[in-house]
Each structure stands twice: as structure tokens, then as C-alpha cells.
Amino acid sequence: MSSIPELAHIRSELIARFRLDQLPFHQRALRLDELVGLEGRHALVTGGGGSGLGQACCHRLAAMGASVAVFDHDADAAQRVADQVAQQWGANTVALVGSVDSWDDAHRVVDATVQAVGGLDILVNNAGGLFGSQFGPFAALSKRSVDSLIGRNLLGTMFCTHAALEVMIPAGVGRIINIASEGAKAPMRDLGLYNACKAGVVAFTRDLAHEVSELGISTVAVCPGVMMSAGLLQVLQKPDATAAIGTIERGFDMATIGRPALPEEVANVVAFLASEAGAYVHGTAVSVGGGLSD
């Protein structure tokens with residue numbers, strides 16, 4: 001007979017077959033605000049020094065109680081965000097420098113995260129994006145642009161995930177949140193390679209879920225639409241930003257909500273998914289694009 005009251009009169013073979021003993025019955029006695037807390041958790045955010053979703057995720061996770069490692073290729077930006085997060089939320093933070101598309105850097109930074117904040121049970125693979133010169137037809141892209149886009153937006157997610165799994169698998173716990181894009185679900189002109197990378201992130205997330213779920217680890221992808229980061233607002237001020245503006249405009253017109261998002265709105269969803277409250281969202285791609293792909 002099961003020691004869990006709700007399962008006391010259910011046959012043991014059925015409990016084992018449907019893993020009923022893994023159901024979080026304790027949640028029934030908790031408020032939602034108790035379930036979304038991240039106290040005692042340790043997070044690594046790649047691209048965390050960026051002016052958009054990276055810094056927003058660092059702030060949201062820290063505000064919910066997590067220790068946060070800010071991983072970025074820009075040392076000054078990583079340190080600035082780490083300092084801001086620590087000051088605003090009283091969180092334990094560390095700034096770590098490296099390139100996500102370097103296998104060695106990814107593994108080094110994960111090891112440094114464990115040493116600095118005491119563990120790693122949340123990985124947010126946020127690093128990515130594209131530069132203004134990388135908007136446009138695929139045929140116009142240089143090999144350097146192709147290599148750079150794939151490295152930042154696909155390989156970086158895979159390298160950092162591989163490094164994180166070396167920590168999470170022995171611990172038997174972990175949550176991996178991969179930032180993809182609504183462009184992974186909806187065709188958008190002049191973003192072919194970028195969207196192909198993000199579609200790869202979604203496929204990677206779904207397939208990885210089958211590998212790691214029985215190891216106590218879960219994966220989920222988040223697909224933002226048009227976000228108005230500080231950097232993008234600066235782009236809109238430039239007189240020569242025609243290509244970027246055109247791409248933003250097409251995405252904006254596809255979204256049924258009628259406005260772009262702030263990065264913090266997407267970070268809200270990331271933080272929820274990192275918590276116990278969002279644990280059953282697994283192996284899928286969550287759209288946070290204001291209806292862009294629907």
C-alpha cells in the first residue's frame with residue numbers, strides 16, 4: 001500500500017505503470033506565489049549581459065530568489081548586469097566571460113558557475129540574435145555570417161546544454177530553457193538562416209526531452225516575437241536601418257496583439273517555467289509572441 005494518502009487504494013502495478021507517486025500532491029496546499037519561488041536554486045543565463053532578454057531573465061530569476069551566473073562574451077556587460085541584479089534583488093551573482101560557440105568556454109563557464117554560486121539547476125540558453133548586416137536574403141549572406149549565426153544561435157545552445165548535463169545528470173535535477181523564436185514556427189522573409197537555427201533549437205529541445213526526463217531533467221523552448229529591447233530601440237533611431245525596420249515591421253504586422261513586447265514580458269514566462277509551477281510544461285515550444293505564429 002502506498003504511503004501517499006491519495007494512492008492508498010490504488011494497485012501498486014498501476015502506481016508504477018503511470019508513475020502516480022511522482023504527482024506533486026503537495027501543491028494542493030500551496031499558493032501559486034509559493035510555487036513560483038526559486039529560493040535555493042542556481043541559474044546560468046547565457047547572453048546575460050545583453051540589453052534585451054538576457055538581462056531581463058537575470059533580473060526575473062534573481063527576484064524570485066535564485067542565484068544567477070551572468071555569462072556573456074562582453075566582460076563589462078556581464079559585470080554590469082551582475083552588479084545591477086545583486087544590488088536590486090540582494091541576489092548572489094557572478095559575471096562569467098566566454099563564447100557560447102566554444103565547446104571549451106561552455107564547459108569552463110558551467111564549472112565556474114558551480115564553483116561560484118554553489119550549483120546549477122537552471123540553464124537559460126539565451127545567447128544568440130543577429131546583427132544588422134545579417135538581415136536579408138540568404139543568398140546575400142557571407143560564409144562568415146553563416147558560421148556566426150549558426151554558432152551563436154544553435155551550436156551555442158547545444159554546447160552549453162552538453163556542459164550543463166554533466167552537472168545535472170549526476171545531481172538528478174535540472175531545468176533547461178532554450179530561447180528560440182516565433183520565426184521557428186512562422187515563415188518570415190529575410191530571416192531564413194536565423195529562423196532555421198531557431199527551428200533547430202526547438203527540435204533539439206523536443207528530442208532532448210525524451211533523453212533526459214527519466215534522469216530528473218526537463219527541457220522547454222520559449223519562442224519570443226518582436227521584443228523592443230534597448231538595443232533595438234537604438235536601431236530604430238538610425239537612418240540606415242531600413243532592412244532591420246522592414247523585418248521588424250513584418251513581424252509586428254503578424255502579431256495579433258497589436259504591439260511589440262518588452263523583454264521583461266518574455267522573461268516573466270521564462271521565470272515561471274523555471275519554477276515548480278511550470279514544471280509540467282516539458283519538451284515543447286511555448287509561444288510568447290503576441291499571436292505572431294497563430
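The values are calculated or read from the model by the stated rules, or taken from the named source; none is laboratory data. Since the model is a prediction, treat every value here as computed from it, not as a measurement. Reconstructed Cβ throughout: ideal geometry from the backbone, glycine too, with neighbour counts over all protein chains shown.
If you go through the range 245-286 and keep only what is small (Gly, Ala, Ser), crowded, with 19+ Cβ neighbours inside 10 Å and modelled with pLDDT under 95, you end up with Gly251, Ala255, Ala261. When every residue of the range 245-264 is checked against the conditions, at least one turns out to be in a helix (DSSP H, G or I), in the same structural domain as Ala127 (by TED's automatic domain parsing) and touching a strand residue (DSSP E or B) at 6+ places or on another chain (Cβ under 8 Å). In the range 43-87, the qualifying residues are those that are surrounded by fewer than 24 Cβ atoms within 10 Å (Cβ to Cβ) and among the polar types (S, T, N, Q), and the one that is farthest from Ala116 (Cα to Cα) is Ser51.
Summed over the range 103-135, the residues that are touching a Phe, Trp or Tyr at 6+ places or on another chain (Cβ under 7 Å) and either in a loop (DSSP other than H, G, I, E, B) or without any contact (Cβ under 8 Å) to a residue 12 or more places away in the chain (or both) give a count of 1. In the range 125-159, the qualifying residues are those that are more than 22 Å from Asn178 (Cβ to Cβ) and in contact with an Asp or Glu (Cβ under 6 Å, 6 or more places away or on another chain), and the one that is modelled with the highest pLDDT is Gly136.
The set of residues in the range 87-102 being touching a residue at least 12 places away in the same chain (Cβ under 8 Å) and in a helix (DSSP H, G or I) consists of Gln88, Trp89.
Considering only residues that are small (Gly, Ala, Ser) and either out of contact with any helix residue (DSSP H, G or I) (no Cβ under 6 Å at 6 or more places or on another chain) or farther than 24 Å from Ala69 by Cα (or both), which ones fall in the range 19-58? Working first, answer last.
Taking the range 19-58 first, the residues small (Gly, Ala, Ser) are 29, 37, 40, 43, 47-52, 54, 56.
Those that are small (Gly, Ala, Ser) and either out of contact with any helix residue (DSSP H, G or I) (no Cβ under 6 Å at 6 or more places or on another chain) or farther than 24 Å from Ala69 by Cα (or both): Ala29, Gly37, Gly40, Gly50, Gly54.
Hey, could you check the range 60-86 for residues that are more than 18 Å from Ala267 (Cβ to Cβ) and not in a helix (DSSP H, G or I) and say which is farthest from the chain's Cα centre (by Cα)?
Step one: list which residues in the range 60-86 are more than 18 Å from Ala267 (Cβ to Cβ), which gives 73-76, 79, 83.
Filter again for not in a helix (DSSP H, G or I), leaving 73-74.
Numbers: His73: 17, Asp74: 19 Å.
It comes out as Asp74.
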